[in-house]
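One structure is given below, encoded as structure tokens.
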Ligand code: BDP
């Protein structure tokens, strides 16, 4: 495998460098890397921290999953210590014991294992028959694989390996990537090259990269992947494509990853196999039942369907005057005999409706609470508009207590600078997950809503729109890998911490030196707020240019649908700026719990970062800082630019710790980010000034170019569109 060979090749060099650095204080400069190995680099550990593992013990015939765990442990040990671990059955000093429940070596305390479910694991330092061993215990093979990755992470991040006592189990059941990958290998909103699925060559040719993809996901606990775009095509459900999906399922299965498909609601009609796609037509229901049976013959553990219906022009049950429940439940009935699920998206809005777009999903779905079949999850984006740099949490969270709601985050950065800007999304995920919906006395966070779907009796889950592609870095840039990482870790534990995940990632991906980790993590933690500041400060949203969403377009007001126009969202005029979502305006606030709605209906008790999401305010509105809204807005844009520059300066300080290749590749992007932060700031200030008619606040720098020049900028071939 590529990672393996590269690791071996690099090993001699790096081992020598590390040994040298243990003797002399000055670290040798690390060898160049291209990022392909992600956070699974397993570089040599200094003697004092290196694991003293010497054999792997497993009693029985290893399944493909256990073999994957053994391979990974060997790969990790080889990289970190230079030692090859033999596989044995006798417990020796330094053994890593993989044990299923019921087969724990005598003397090892397996208390609590039973509560950890199929996927959980225990990591324990123990003494067995007088030998010091490390035990990975689990109820199922997949738990052993996750435990192996957990142990390697502990070693890689410098945890004391002789005092391990860790228990871990996922808090959500379905931890899924959504690939928006098209059948021609283009990727909607993809900035990391082509789709990693080489559809044309599948099913006969199985790129070795699929295995590395599976390893990366399994290392985080991601256990599902939707292979194709939510804007789906009928062909994906035809025999040749089912065979391609089945080939991928075969590769991914040992790593605990199930395959799902996005289904187009009108598939049978478009394939001319039925006369309608009406979900209540028996002919249609029978077609889907047969289709499900056909898929399960090829993929016995197929996960189910993801569906985007009656949204942005996609077909759906409403085309036949049926409801989302009619549509979802019909598909659910076809999948139920096979234990498949339907992930039905709540991302719906229609131009014909004059109402605030932010309200439409709640208005359509809230009345359907409790009506969905048991194997349906409603998949809700983190916010009510569309993956903006900042949005308040979606009002559906906490408002449908009788329906499992699945979170949908976007890992690919459609609205946060593609793969060009550094924006670590951990803080965005954490901000949403820790939001208090106030739907329960004492509080009810979004994370709790996800974890407790219908009181634990129905499936739970989280989806992330993947940022993975054919790029050598997988994610289009080195730092975008961190967003895949953090997503996976939050899907495992929605109550985790963005900073802690960043620390793990930076240590494994870049350098173990605490100074480097601290420096890199600090950059990551400030990066998303920098983007918010120079793109959409103070609760502004959807100001990106049309279609491709690259760069500023706050002036755009001529699109086919009003709710695609930035002017619809900021509503700036001579008097003021912001979307009034209070009772005087669209009253979207009424969709939140009354106590929260009351708090946010007064601009003085609305958090400043959400101010213009909920309020239309005069330009001279007095902000808590004492400045006017206008001065504060310009101040935020300036701050964003300063933060982008600060990111670059901080990266320069990381130079001694990072190999030259990755250093330069990150540096190039930071130059772009600084340039584009200026562009965002200048274009936005120029535009809002033209609307407000106000002079720039004292000391503010005039935009570099005229508004007309900014308006004339075009990107006919921007990626992902
Ligand atoms: C928007 C994207 C569009 C997606 C849509 C969706 O611009 O490409 O198809 O969301 O989530 O963010 O369905």
>> With the requirement that a residue be more than 14 Å from the ligand (Cβ to nearest atom) and either in a helix (DSSP H, G or I) or crowded, with 17+ Cβ neighbours inside 10 Å (or both), what does region 554-565 give you?
In response: 554, 555, 556, 562, 565
>> Any residue at all in region 674-694 that's part of a helix (DSSP H, G or I), within 27 Å of the chain's Cα centre (by Cα) and loosely packed, with under 14 Cβ neighbours inside 10 Å?
In response: yes
> Can you spot a residue in region 454-466 that is more than 21 Å from residue 303 (Cα to Cα) and buried (at least 19 other Cβ atoms within 10 Å of the Cβ)?
Replying inline: no
> Which number in (1) more than 34 Å from the chain's Cα centre (by Cα); (2) modelled with pLDDT under 90 marks the one condition that residue 59 misses?
Replying inline: (2)
>> Need the failing condition index for residue 312 against (1) more than 16 Å from the ligand (Cβ to nearest atom); (2) under 20 Å from residue 233 (Cβ atoms); (3) surrounded by fewer than 18 Cβ atoms within 10 Å (Cβ to Cβ), just the number.
In response: (1)
>> Quick check on my filter: what residues within region 147-187 are over 23 Å from the mean Cα position of the chain (by Cα), in contact (Cβ under 8 Å) with a residue 40 or more places away in the chain and outside any helix (DSSP H, G or I)?
In response: 158, 164, 165, 166, 167
> Limited to region 280-309, what total is found for residues that are within 16 Å of the ligand (Cβ to nearest atom) and within 14 Å of residue 335 (Cβ to Cβ)?
Replying inline: 3
> Would you pick out the residues in region 395-416 that are under 21 Å from residue 188 (Cβ atoms) and touching a strand residue (DSSP E or B) at 6+ places or on another chain (Cβ under 7 Å)?
Replying inline: 406, 407, 408, 409, 410, 411, 412, 415
>> Here's a check for you: in region 620-631, which residue that is surrounded by fewer than 22 Cβ atoms within 10 Å (Cβ to Cβ) and out of contact with any strand residue (DSSP E or B) (no Cβ under 8 Å at 6 or more places or on another chain) is nearest to residue 685 (Cα to Cα)?
In response: 631
> Any residue at all in region 455-467 that is within 30 Å of residue 194 (Cα to Cα) and out of contact with any strand residue (DSSP E or B) (no Cβ under 8 Å at 6 or more places or on another chain)?
Replying inline: yes
> Would a scan of region 523-546 turn up a residue that is more than 21 Å from residue 683 (Cα to Cα), out of contact with any strand residue (DSSP E or B) (no Cβ under 8 Å at 6 or more places or on another chain) and without any contact (Cβ under 8 Å) to a residue 12 or more places away in the chain?
Replying inline: no
> On the given criteria, is residue 370 surrounded by fewer than 22 Cβ atoms within 10 Å (Cβ to Cβ), within 23 Å of residue 443 (Cα to Cα) and in the same structural domain as residue 439 (by the TED database)?
Replying inline: yes
> In the set 276, 225, 267, which member is farther than 25 Å from residue 491 by Cβ and either surrounded by fewer than 17 Cβ atoms within 10 Å (Cβ to Cβ) or under 28 Å from the mean Cα position of the chain (by Cα) (or both)?
Replying inline: 276
> How many residues are buried (at least 19 other Cβ atoms within 10 Å of the Cβ) and farther than 30 Å from residue 30 by Cβ when one looks only at region 503-547?
Replying inline: 14
> Applying the selection to region 186-198, what residues are more than 16 Å from the ligand (Cβ to nearest atom) and either surrounded by 21 or more Cβ atoms within 10 Å (Cβ to Cβ) or under 21 Å from residue 296 (Cβ atoms) (or both)?
Replying inline: 196, 197
>> Residue under question is residue 469, and the condition is that it be within 16 Å of the ligand (Cβ to nearest atom), assigned to a strand (DSSP E or B) and crowded, with 20+ Cβ neighbours inside 10 Å; does it hold?
In response: no
>> Among the residues of region 229-240, are any away from the ligand (no atom under 16 Å from the Cβ), buried (at least 20 other Cβ atoms within 10 Å of the Cβ), in contact (Cβ under 8 Å) with a residue 40 or more places away in the chain and more than 21 Å from the chain's Cα centre (by Cα)?
In response: yes
>> One residue is enough: does region 203-212 have a residue meeting the conditions modelled with pLDDT of 95 or more, surrounded by 20 or more Cβ atoms within 10 Å (Cβ to Cβ) and within 16 Å of the ligand (Cβ to nearest atom)?
In response: no
> Could you list, in sequence order, the residues of region 337-363 that are surrounded by fewer than 20 Cβ atoms within 10 Å (Cβ to Cβ), modelled with pLDDT of 95 or more and more than 30 Å from residue 290 (Cα to Cα)?
Replying inline: 363
> Which is touching a residue at least 12 places away in the same chain (Cβ under 8 Å) and either under 13 Å from the mean Cα position of the chain (by Cα) or not in a loop (DSSP other than H, G, I, E, B) (or both), of 479, 429?
Replying inline: 429
>> With the requirement that a residue be touching a helix residue (DSSP H, G or I) at 6+ places or on another chain (Cβ under 9 Å), assigned to a strand (DSSP E or B) and within 12 Å of the ligand (Cβ to nearest atom), what does region 368-414 give you?
In response: 380, 381, 409
> Is one or more of the residues making up region 205-216 assigned to a loop (DSSP other than H, G, I, E, B), assigned by the TED database to the domain that holds residue 295, farther than 30 Å from residue 312 by Cβ and free of Cβ contacts under 8 Å to residues at least 24 places away in the same chain?
Replying inline: yes
> Among the residues of region 699-718, is any within 16 Å of the ligand (Cβ to nearest atom) and at pLDDT 95 or above?
Replying inline: yes
> Can residue 178 be described as buried (at least 20 other Cβ atoms within 10 Å of the Cβ) and over 29 Å from residue 56 (Cα atoms)?
Replying inline: yes
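The values are calculated or read from the model by the stated rules, or taken from the named source; none is laboratory data. Every value quoted in this text rests on a predicted model; they were computed, and no experiment measured them. Because the Cβ atoms are built from the backbone with ideal geometry, glycine has one as well, and the counts that use them run over all protein chains shown.
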